[in-house]
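Student: Shown below is the structure under consideration.
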Amino acid sequence: RTANLSRELARRRVAAAEPDFAIAAALARGSAEGPIGVAAGVPAGGAAGVPAGGAIDGLPHEVATAWGASTAASLLALAGSAAALHSAAALVARHDALAVRTDDAGVPTAIGSPEALRALLAGAAVTARAAARAARIATGAIPLRARLAYQLALIEAGGPLDDQLAALADLWAATAASRLAVTLARN
């Protein structure tokens, strides 16, 4: 508002500086339109990457055959929504809760509240461990994605500011993977 930019131009500027914003916006728009790869108003087989019948490129044939193309497309839309939520949460934490300042290249240079980042990292690590324990109880194992994300976060947490922000996102991803395993085990 202070720069007197239109809403669309402001979105483009933020998307150019913040890849997470562009990802979240695209995925949110994609799941609002319907299954990923099938745009509103485009007949099946008429869009790039959508073969006749509306199947999605890259989808394993066995999954589409076993579950049906519409169920598989719905699962992909759900995954897109989850990725959009994750990207949006990282973006809000970075710019709102933590007040990260960046240089012209977009590299974080300072943080408004280092104590808040330390608290977020500690809380996210505890939550990730609790979710991993729940996943082990429900399924007998901790999901590989959760283990790898947690291990990467432990390495990144001791690094520079950019790595610490990545560690926070990795801890959130580890928690989400464990919670997904628990949810799938219950159903």
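Student: Please give the length that would be gained between ALA89 and GLU8 if that part of the chain were fully extended, namely 0.36 nm times their separation in residues minus their C-alpha to C-alpha distance (nm, one decimal).
Tutor: Roughly 27.0 nm would be gained on extension.
Student: Within the set of other residues whose C-beta is less than 12 Å from the C-beta of THR109, count the net charge using Lys and Arg as +1 and Asp and Glu as -1.
Tutor: Value of the local net charge: -2.
Student: For a quick check: with amide H placed at 1.01 Å from N, whose amide H comes under 5 Å from ILE111's, ignoring anything fewer than 5 positions away on the same chain?
Tutor: Here ARG101 satisfy the definition.
Student: Between VAL126 and ALA185, what is 0.36 nm times their sequence separation minus the Cα-Cα distance? Round to one decimal in nm.
Tutor: 19.0 nm
Student: Could you work out the relative contact order of the stretch 93-169, using alpha carbon pairs under 8 angstrom and six or more residues apart, expressed as a whole percent?
Tutor: The normalised contact order for the stretch 93-169 reaches 24 percent.
Each reported figure results from applying straightforward, stated rules to the coordinates on display, with no laboratory input. Predicted model only: the values in this text are computed from it and were never measured. Virtual Cβ from ideal backbone geometry, glycine too; neighbours counted across all protein chains shown.
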